[in-house]
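Asks: Can you read through this structure? Questions will come right after.
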Amino acid sequence: MFRDVSSCNTYDYGDAHYWDARYIQEGGSFDWYQRYSNLKPFLRHCFSLSSTILMVGCGNAVISEDMVKDGYEEIVNIDISSVAIDMMRKKHERLPQLKYLQMDVRDMSFFPDESFDGVIDKGTLDSLMCGTDAPISASQMLAEVCRLLKPGGTYMLITYGDPTVRMPHLSKPVYNWKITLYNIPRPGFHKPECSTSSKKSLLEPIPLTDKGLLPADWVMEDPDSHFIYVCRKVNDTNGDDIPPYRLNIDVS
């Protein structure tokens, strides 16, 4: 079985009060799932340095700061927690490339249609899937993400959710996304020496079935690995002509 957080219900991760209390208690910085160093090959391939990027559910993560250090010019960060936004706004007040706004991803009407070249989601959809009214919240968020993307723009979702629980949400025809899937182990994971699986590059897309599911012979060596869904917004007239991303980058 593939791990999915959509069934968790211990906390309401879609509630601002929960996150405000958590950030007051914890403080500091914390990156969910993956750091920029691990995601860099994917991000650099999908987004140019001049892309206008929206980071949803930014929290107190340092990924946006790391992206700016690497040359990215404009990243708008939003979070439901006013505590997190105030904290990060003060921390990065001398970085004009970073903007911080308190906002619920289910209602981003502050932004006009087609405002961004890319949207990055590192655990935010997962958080909503742990909250109350999860399917409704997910639909509201994804509809807003689609609305804000420019034609040809990319929504990058980093998640625990495998295709059986994420593709029903992502593959709705109304979004008209071309979806390419990758899998990346958790930081610090080492492949067991006894592993008999064939050597494969992390940057090679997973060939999904016609139903958008994982192949029967696909092996997930790290049960706590993360899936990366690269969802490109395409026009009806040319969507079928766009091949999936193939990252020809050698990483150790």
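FYI, it's all coordinate maths here, none of it is from the lab. All figures in this text were calculated on a predicted structure; none of them were measured in a lab. Note: ideal-geometry Cβ built from the backbone for every residue, glycine included; neighbour counts use all protein chains shown.
Asks: Quick one: which of K40/K172; K99/K122; K91/K122; K122/K191; K91/K150; K99/K172 span more than 26 angstrom between C-alpha atoms?
Replies: K40/K172; K91/K150; K99/K172
Asks: Please report the relative contact order for the range 1-157, taking Cα pairs under 8 Å with a sequence separation of at least 6, and give it as a percent rounded to a whole number.
Replies: Taking the mean separation of contacting Cα pairs over the length of the range 1-157, I get 29 percent.
Asks: Next question. When ranked by the protection proxy of mean other Cβ atoms within 10 Å per residue, highest first, what sequence do the peptides 68-76, 154-162, 104-112 form?
Replies: 154-162, 68-76, 104-112
Asks: At S109 and R89, where each label point lies 7 Å from the Cα along Cα→Cβ, what is the point-to-point distance in nanometres?
Replies: My value for the distance between the label points is 2.2 nm.
Asks: While we're on this one: Of all alpha-carbon pairs in the range 17-75, indicate the percentage at a distance above 14 angstrom.
Replies: When every Cα pair of the range 17-75 is considered, 58 percent fall beyond 14 Å.
Asks: Using a Förster radius of 25 Å, what is the FRET efficiency between F30 and L202 based on their Cβ-Cβ separation? Nearest 0.05, please.
Replies: So the FRET efficiency works out to roughly 0.60.
Asks: If you don't mind, another one. Kirkwood hydrodynamic radius, the range 90-240, all distinct C-alpha pairs: what's the number in Å?
Replies: Kirkwood radius, the range 90-240: 17.2 Å.
Asks: Using per-residue counts of other Cβ atoms within 10 Å, averaged over each peptide, order 175-182, 35-42 from highest down.
Replies: For the peptides 175-182, 35-42, the packing ranking is 175-182, 35-42.
Asks: Extending each Cα 7 Å along its Cβ direction at S37 and S139, get the distance between those two points in nm, one decimal.
Replies: The answer from the label model is 4.3 nm.
Asks: Measuring from the lowest to the highest alpha carbon on each principal axis, how far does the range 108-184 reach, largest first, in angstroms?
Replies: 30, 28, 22
Asks: Run the numbers for V174 and D222: contour at 0.36 nm per residue of separation, minus the present Cα-Cα distance, in nm.
Replies: Residue separation times 0.36 nm, minus the Cα-Cα distance, leaves 14.0 nm.
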